[in-house]
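The values are calculated or read from the model by the stated rules, or taken from the named source; none is laboratory data. The shown structure was predicted, so the numbers you read here are calculated from the model rather than taken from an experiment. Every residue, glycine as well, gets a Cβ built from its backbone with ideal geometry; the counts of neighbours run over all protein chains shown. Accessible surface is based on the protein model in full, side chains and every heavy atom, while ligands, DNA and RNA are left aside. Shrake-Rupley method; radii C 1.70, N 1.55, O 1.52, S 1.80 Å.
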Amino acid sequence: MPTELLLEFLGILIDKDKAEGKEIRLNVNLTDRNEKCSINLVDSVLIYRMNYQDESPDIELNVDVSTLVTLILGQTKLDEVTSDESKVKGNSEDLKEFLDSMVGFDSGFNIVIP
């Protein structure tokens, strides 16, 4: 999956009520793809920019794509990532707040109702 599509999916997971009034800036370095992006959560809206890094982010993540995806989906515990200082720089509480502003995706719905 291209990184841009992954970030679009991330925007769909944002819960408007949980993210209201929040402003969190992340720089993400995808180590396996050699890609950089900036992700900003501003008052319930997710804005991303590829090939760009904020000058003063709240969090900087240096992870591979699979770690980012499992972190977003809640399959990797936040402590597993934040315990490695080479992967996360900044306030880990901001990262927790960012992840908590998302809702799970229910894949058990009927596509066609008989």
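Treating only the Cβ atoms of Lys and Arg (+1) and Asp and Glu (-1) as charged, compute the dipole magnitude of segment 37-114 about its Cα centre; round to the nearest 20 debye. Don't skip to the answer; put the middle values down first.
Numbers: 5 positive and 15 negative charges, 66 e Å.
For this selection, approximately 320 debye.
For segment 47-114, what percent of Cα pairs sit more than 18 Å apart?
Roughly 47 percent, rounded to a whole number.
Over the alpha-carbon set of segment 1-50, work out the extent along each principal axis and list the three values in angstrom, largest first.
33, 19, 13
Would you compute, for the Cα atoms of the chain, the largest minus smallest coordinate along each principal axis and list the three values in descending order, in whole Å?
That works out to 51, 32, 27 Å along the principal axes.
May I ask you to rank Phe98, Phe9 by accessible area, largest first, using a 1.4 Å probe over the protein chains only?
Values: Phe98 10, Phe9 65 Å².
Sorted by accessible area, descending: Phe9, Phe98.
Quick check: Cα centre of segment 84-100 to Cα centre of segment 57-71, how many Å?
The distance from the Cα centre of segment 84-100 to that of segment 57-71 comes to 9 Å.
Answer with one residue from Thr70, Met102, Ser56: the one whose Cα lies farthest towards the positive end of the charge dipole of the chain, charges on Cβ with Lys, Arg +1 and Asp, Glu -1.
Going by the Cα projections, it comes out as Thr70.
Take Asp84 and Ser66, extend 7 Å from each Cα along the Cα→Cβ direction, and tell me the distance between the two endpoints in nm.
Simple spin-label model gives 1.1 nm for this pair.
List the GluC sites (Glu not before Pro) within segment 23-56 that fall in a DSSP loop (any state other than H, G, I, E or B) and whose Cβ has at most 16 other Cβ atoms within 10 Å.
Working: sites: Glu23, Glu35, Glu55; in loops: Glu55.
Answer in residue order: Glu55.
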